[in-house]
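The values are calculated or read from the model by the stated rules, or taken from the named source; none is laboratory data. Note that the structure is predicted; figures quoted are calculated from it, not measured. Please note: Cβ atoms are built from the backbone with ideal geometry, for glycine as well, and neighbour counts cover all protein chains shown. Just the protein is used for accessible areas: all its heavy atoms, side chains included, with ligands, DNA and RNA removed. Shrake-Rupley method; radii C 1.70, N 1.55, O 1.52, S 1.80 Å.
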Amino acid sequence: MSWTEERVALLSKLWADGLSASQIATQLGGVTRNAVIGKVHRLGLSGRAKSASTAARPRKPRANTASKPSGKSESTSSAPRRPQTMGATALKFEADVQAEAAIAPQAHDDVVVPISKRASILTITEQTCKWPIGDPGGNDFHFCGHDSKEGAPYCNYHCKVAYQPASDRRRRAS
């Protein structure tokens, strides 16, 4: 199928009349909806105004019921807010910074690893802790090197840091 002058004129007229690309393709015959859309784009035909039924309607303002829980005053609500676990705002929870600081686990850099225990990538074995310490691009990068737990890649301390029970994580989050 080729785009003749007559077919382009008919396309332009139908487009200006407000027909959809599918309807135009059916009337022209031998072309697809996408072919019509592509030709309209190449011809630079203007977009059509939306009809009154499809125009965007103004949204009604919603009442802000989440700001104050019913039945409680702000002074009696001293417990930190619980995160919303469902819905569009589930990931928008703003945690209380002081509560997080009180329950934050001890940083792994607080563990002092003697120089004799420090392991490089060339010296780690199945029985040594493979917890990385420092910046991998820096000269002081090393692995913990203490004896690892049976069947685990880390020593007892680093296993406690890496593998926290789900109940402990939930308790810290709330």
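Local charge sum around Cys129 (other residues, Cβ-Cβ under 10 Å, Lys/Arg +1, Asp/Glu -1)?
It works out to a net charge of +2.
Relative contact order for the range 1-51: what is it in percent, counting Cα pairs under 8 Å that are at least 6 residues apart?
32
What order do His146, His158 take when sorted by accessible area (1.4 Å probe), most exposed first?
His146, His158
Need the full-extension length gain, Arg171 to Arg62, defined as separation in residues times 0.36 nm minus the C-alpha distance. One decimal, nm.
So the chain would gain 35.9 nm between Arg171 and Arg62.
Among 11-22, 119-130, what's the highest-first ranking by average C-beta atoms within 10 angstrom per residue?
By packing density, highest mean first, the sequence is 11-22, 119-130.
To the nearest 10 square angstrom, how much accessible area does Lys39 have with a 1.4 angstrom probe?
40
Assuming 0.36 nm per residue, please report the length gained on full extension of the stretch Ser120 to Asp135 beyond their Cα-Cα distance.
4.1 nm is the gain from fully extending Ser120 to Asp135.
Report the label-to-label distance for Lys160 and Gln23 in nanometres (one decimal), using points 7 Å from each Cα along the Cα→Cβ vector.
Output for this residue pair reads 7.3 nm.
Full extension from Ser12 to Leu45: what is 0.36 nm times the residue separation minus their Cα-Cα distance, to one decimal in nm?
Between Ser12 and Leu45, full extension yields an extra 11.1 nm.
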